Amino acid sequence: MKKGFLAHGMTTCAGCTMELIARTVFDTLGEKTIVVIPPGCAAILAGYSLETPLELPVVMSNLEATAAFAAGIRAGLEAQGKNDVNVLGFAGDGGTADIGLQSLSGAVERGDRILYVCYDNEAYMNTGIQGSGSTPLGAWTTTTPGGKASRRKDLGLIMDAHGIPYVATASPAYLEDLAKKVAKAAATPGPSFIHVHTPCPTGWRFPTAKGIEIARLAVRTGMWVIYERVNGVLEVNIKPAKRLPVTEYLKTQGRFAGIGEEQVAAMQADVDRTWSQLAASGEVLQSAGA
Amino acid sequence: MPATPNKRLPRPVLPDGRPIKVPAAFAVVSVETGAWRLERPVVDLTRCNRCGICERYCPLQVITESRTTVPRIDLTYCKGCGVCANECPRVAIAMVAESEE
């Protein structure tokens, strides 16, 4: 009955989209994979003490050193002449955009051949929904009780600024797209980074059944742009034929319940600007992908 | 937390073939998360057209055979999140309270 490399009966929250993303990533990479997971929600996948639900070699790294662990494993494999093994870093937004940013930046700058997947649930969910550098404007967290006052970091652009050979975004609502990108990233002869939107029913305050629907809404409103950038060349993979207003996305989540009108207008303006820049760069919004 | 021993992992060995001693308690974590469930997915087979979308989006991968015979849901582990029912394009899955029959 069990499929893939992860056991059933893991203690992820009901409706956790990170688990679906992890299963898709592991299934795509296959058994010749070494996984590095820092503390965070995905630490459940690495296991505790002498127990693990993951039937792949996995090491739980320090929170700030996922990419450094992965780079070290790759160096060890190269020293042994083993070139057919994937080295995967699988970290949340806190371990990527904030605490782990320096080691990720170093690994990408050195050109270490690692695949880094960031599941972005837009706050420190595992420790109690504290705001992170990836928390969007206006979102409630326990450390931004009146809504976050600043915008989020753009991780994709930070990675692109390093001249990374492969950077992409993905969503659990479009699993074929995610699987395709994981396979492409694993085949890249250098560092690769995939940023996956990860709706979190516990932290974003929505019913457990709505995770995939909200991920799809993020794409249809233009809030989450599904793109890939191969050697600097940008391609938007899913283009909503008619973008819905961002309020359609915001109203589905309790974390945006207290958002002000000016912040909604600022988010809509951000989204509109992003898409007009994409259109100006030759990525015209014509096909009805979503 | 009941843990089931994992019999599928090969015995680890050093490069020269000597076995590495692994603690006897090494095991695959498995909690019967079905006990968390407040609502249970029930498939209406007259509406289901075996499209497989519920199986694809189940975060736990506990749905099988949705394209071949009928969707089989492993209620030992299903947490009752309702993603399958929400994604079903034919509204063929109902979430029924566990207290009712």
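The values are calculated or read from the model by the stated rules, or taken from the named source; none is laboratory data. Just so you know, these numbers come straight off a predicted model, no measurement behind them. Counting neighbours? That spans all protein chains shown, and the Cβs are built from the backbone with ideal geometry, glycine included. What goes into the accessible areas is simple: the full protein's heavy atoms, side chains included, and nothing from ligands, DNA or RNA. Shrake-Rupley method; radii C 1.70, N 1.55, O 1.52, S 1.80 Å.
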(request) Looking at (1) more than 11 Å from chain A (Cβ to nearest Cβ); (2) within 13 Å of the chain's Cα centre (by Cα), find the lone condition where B:Arg50 falls short. (result) (2)
(message) So, in segment A:207-233, how many residues would count as being of a type in the set (Lys, Arg) and under 24 Å from A:Ala183 (Cα atoms)?
(response) 2
(message) Of all residues being within 8 Å of chain B (Cβ to nearest Cβ) and touching a Phe, Trp or Tyr at 6+ places or on another chain (Cβ under 9 Å) in segment A:19-46, which is farthest from A:Pro57 (Cα to Cα)? Just the residue, please.
(response) A:Leu20
(request) Kindly indicate whether A:Pro57 is under 22 Å from the mean Cα position of the chain (by Cα) and open to solvent by less than 20 Å² (accessible area, probe 1.4 Å). (result) no
(request) Would you be able to tell me the number of residues in segment A:58-99 that are touching a residue at least 24 places away in the same chain (Cβ under 8 Å) and within 13 Å of chain B (Cβ to nearest Cβ)? (result) 1
(request) Please find, within segment B:71-90, the residue that is surrounded by the fewest Cβ atoms within 10 Å (Cβ to Cβ) out of those that are among the hydrophobic types (A, V, I, L, M, F, W, C) and at the interface with another protein chain (Cβ under 7 Å from one of its Cβ atoms). (result) B:Ala85
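Collect the residues in segment A:162-195 that are open to solvent by 70 Å² or more (accessible area, probe 1.4 Å) and not charged (D, E, K, R), keeping them in residue-number order.
Listed by number, the residues that qualify are A:Ala187, A:Pro189.
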(request) Mind listing just one residue for me: the one in segment A:109-161 that is open to solvent by 10 Å² or more (accessible area, probe 1.4 Å), part of a helix (DSSP H, G or I) and of a type in the set (A, V, I, L, M) and, of those, nearest to A:Thr247 (Cα to Cα)? (result) A:Leu157
(message) I'd like to check something: does segment A:261-281 contain any residue that is on the phi < 0 side of the Ramachandran plot, within 14 Å of chain B (Cβ to nearest Cβ), in contact with a helix residue (DSSP H, G or I) (Cβ under 9 Å, 6 or more places away or on another chain) and surrounded by 20 or more Cβ atoms within 10 Å (Cβ to Cβ)?
(response) no
(request) Assess whether A:Ile214 counts as being under 22 Å from A:Leu155 (Cβ atoms), touching a Phe, Trp or Tyr at 6+ places or on another chain (Cβ under 9 Å) and touching a residue at least 40 places away in the same chain (Cβ under 8 Å). (result) no
(message) For segment A:200-223, give me each residue that is under 18 Å from the mean Cα position of the chain (by Cα), open to solvent by 20 Å² or more (accessible area, probe 1.4 Å) and away from chain B (no Cβ under 14 Å).
(response) A:Arg220, A:Met223
